[in-house]
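The values are calculated or read from the model by the stated rules, or taken from the named source; none is laboratory data. Bear in mind the structure is a predicted one, so any value in this text is a computation, not a measurement. Here Cβ is always computed from backbone atoms with ideal geometry, including for glycine, and neighbour counts include all displayed protein chains. Quick note on the areas: whole protein, heavy atoms, side chains included, nothing else; ligands and nucleic acids left out. Shrake-Rupley method; radii C 1.70, N 1.55, O 1.52, S 1.80 Å.
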Amino acid sequence: MKKFYKAFASLLAIACFAGNLTTVQGEAISKQNRNSGLIQRLYHVGASKAEPKEIFGQNNMLEPEEMPKQAGTSELTDTLEPTATPEPTIMPETTTTPASTDTPEPTDTPEPTDTPKPTDTPKPTNTPKPTNKPKPTKKPKQKLKMSISQKKTKITISWNKLQDVSSYLLYTKEEGKKFKKDVIKRKHKHSFSIQYGKTYYVKMSARNKKHKVFSKTGKYQIYVPEKIGTVHTVSMGKTKMKLTWESVRKAQFYYIYRKAAGQKSFTLLGKRKKCSFMDEELKYNKNYTYRIIPVTERKGFSYKGRGRGKLFSNKKLVSDSHQKYSYDEMEEDIKSLVKKYYGLIHYKVIGKSEDGRNIYDVIIGNQNAPKSMLVVSTLHAREYMASLVCMSQIEYYLQNSQEKVSGQNVGTVFSQIAIHYIPMANPDGVTISQSGFGGIKNANLRKKLSKISNGDSIRWKANARGVDLNRNYPYKFKKSGKAGSEGYSGKSAASEAETKAIVSLIQSLKQKELSGVINYHATGSIVFGGCTKKGKLKEDTQKMYDLARQITGYADSAAYEKENSGGIGSLREYIMYKQKVPSITLEVGWAACPGPISEFPAIWSRNKTLVLEEAMLFM
């Protein structure tokens, strides 16, 4: 009986094994890649009727010959042979089944089910490489930046807005002093005042909510230049003008602005490091205003100093449109010409008239030239047309200083010989002739004039004391006449202030070389140039005389000089015979003095280049 049970248990184990084999086939597909060597070994055992001892163990197995045979049945080995089983794709690892102690009741063996075909094994995908974990981002470091602007003496500091700020600290100081601290919480702009020509420093820092400084600026220097000094203009013709000015301490460059008459605003012409600027785009007969501004730069910020304006008139200054060319007008023209032609023209006051008016010495050309020439005009009051001629000559020569006149470069002439003009040698007398005796400021002089005059002021020739100045020079002086309109020599030679001033100038010019003297009078259109002396004085005087007649076409004075010989107290004879300097006299115009303005164009055309050409004789 025991043998029967053992045989039955073996049969039952084999049947269970076959059922289990079918069940695990479905699970094998997903576990194909795991433990493949072991799976193949188990499969081989099942397919080749694995011996029971390998599966159940040796102690629980019956040998085939020990199995009893029953009638009507085949042998146990035939009955237990399994049916063909599909080849599994994946076989899981099985464990050894222990022998059953209790024999279970036999159950019907289930029919094997169709095993699904194995699917294609999916290709393994590339496993992505692990990426580095992102580092935590830091807040960008905030940087405090400062900007500086200026309007005259007001400085404005502005800065960028930072986050998490409790306050900004602004430090300012004047050079040589301590920093002053301003705590600013909400604003991003601060202004303060400074002074021209002083140095200041400014710096900033920002504090966070813990009141710790986390950003700061560098130290900035602020310097606003002082005001520019004198500005000069040098007219270089009708369309060009040169600006020059005094340098300003610490100024690095200068802005040059210009505004023409009628324009509302200034136009920037340029930027210069040197203290000069040439404007070559002028229009004649137009006025301009210039403005020069000094600028200093510090760490990229510019500071403008106080500018200086300059008015420039590109017009003819000496007016020849009216007959009475006055002392006041002449004085204004002299000063205007000096401003317009800075460096080319100078003037000196060599004396005062009896009524306190200036006796001017106007110099064109090189003041330090080795030679000089003197032009004296209007010794006689009513002959003031000659003053207009001389002032017009001065302006014409200056205007053409960069050009050629009569084939000669004017600048070259001026560099070698200085021309001195006394354009109005008798300013008191001119005032009487033009404005009457009331034009004299001194009450005592007016009282005396009322006694010595015959009431006719227009044809007055003498000075305010009634002295004929062309009879007052110290050459063969002889007292003659009486105080009045003309003919009175004065009490003594060179008794008058006007005479003394001219004598002093002549003596001063002779210390170098006074090449020649030209005297302008009116009227008659005559040239006087006789000389009784021989030698170089006569030769030079004759050259001057011949050239003057050639240029002007004026008449020969030989007959007149014979009838009026002597020259007692006259300026020309004093110069020639006392100072040994060649001299000529020109009488301009035809009409009786004072001549009408209608005569001026003809007078001007004959005398425009005369002085310049006379100077060329001595180069």
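Some observations on this one:
- Where N is the number of residues in the stretch 362-517, Cα Rg divided by 2.2 N^0.38 Å: 1.19
- Anisotropy class assigned to the stretch 178-260 is prolate, per the alpha carbon gyration tensor with a/c at or over the 1.5 cut-off and a/b larger than b/c.
- Given a 1.4 Å probe and the protein chains as shown, residue 275 ends up with an accessible area of around 40 Å².
- Contour excess over end-to-end distance, with Cα ends at residue 273 and residue 182 and 0.36 nm allotted per residue: 29.0 nm
- Amide H within-cut-off set for residue 359, under 5 Å, with H built and near neighbours excluded: 350, 351, 352, 353
- Cross-link pairs beyond the 26 Å C-alpha cut-off, checked among 151/210; 181/210; 141/180; 154/335: 151/210; 141/180; 154/335
- Summary of packing: across the peptides 217-223, 461-467, 360-366, the per-residue average of other C-beta atoms within 10 Å ranks them, highest first, as 461-467, 360-366, 217-223.
- Relative contact order of the stretch 282-376, taken over Cα pairs closer than 8 Å and 6 or more residues apart, is 18 percent.
- Sites residue 579 and residue 199 - FRET efficiency at Förster radius 41 Å, r taken between beta-carbons, to 0.05: 0.10
- At R0 = 22 Å, FRET efficiency that the Cβ-Cβ distance of residue 208 and residue 147 yields, to 0.05: 0.50
- Multiplying the residue separation of residue 500 and residue 191 by 0.36 nm and subtracting their alpha-carbon distance yields 104.9 nm.
- Three-way shape label, the stretch 464-588, alpha-carbon gyration tensor, a/c 1.5: oblate
- Taking amide hydrogens as placed 1.01 Å from N in the peptide plane, the amide H of residue 417 sits under 5 Å from those of 366, each at least 5 positions away in sequence or on another chain.
- Relative contact order (percent, whole number), the stretch 440-591, Cα cutoff 8 Å, 6+ residue spacing: 27 percent
- Calculated FRET efficiency for the pair residue 315/residue 443, C-beta based, R₀ 56 Å, to 0.05: 0.90
- Of the whole protein surface, residue 145 contributes about 130 Å² of accessible area at a 1.4 Å probe radius.
- Distance between the modelled labels on residue 230 and residue 349, one decimal in nanometres: 1.6 nm (7 Å Cα→Cβ projection).
- Over 28 Å (Cα to Cα) - which of 240/274; 198/339; 479/543 fall in this group: 198/339; 479/543
- Remark: spin-label model distance residue 289-residue 617 equals 4.9 nm, labels positioned 7 Å along the Cα→Cβ axis.
- Residue 616 accessible area, assembled protein chains, probe 1.4 Å, Å²: 50 Å²
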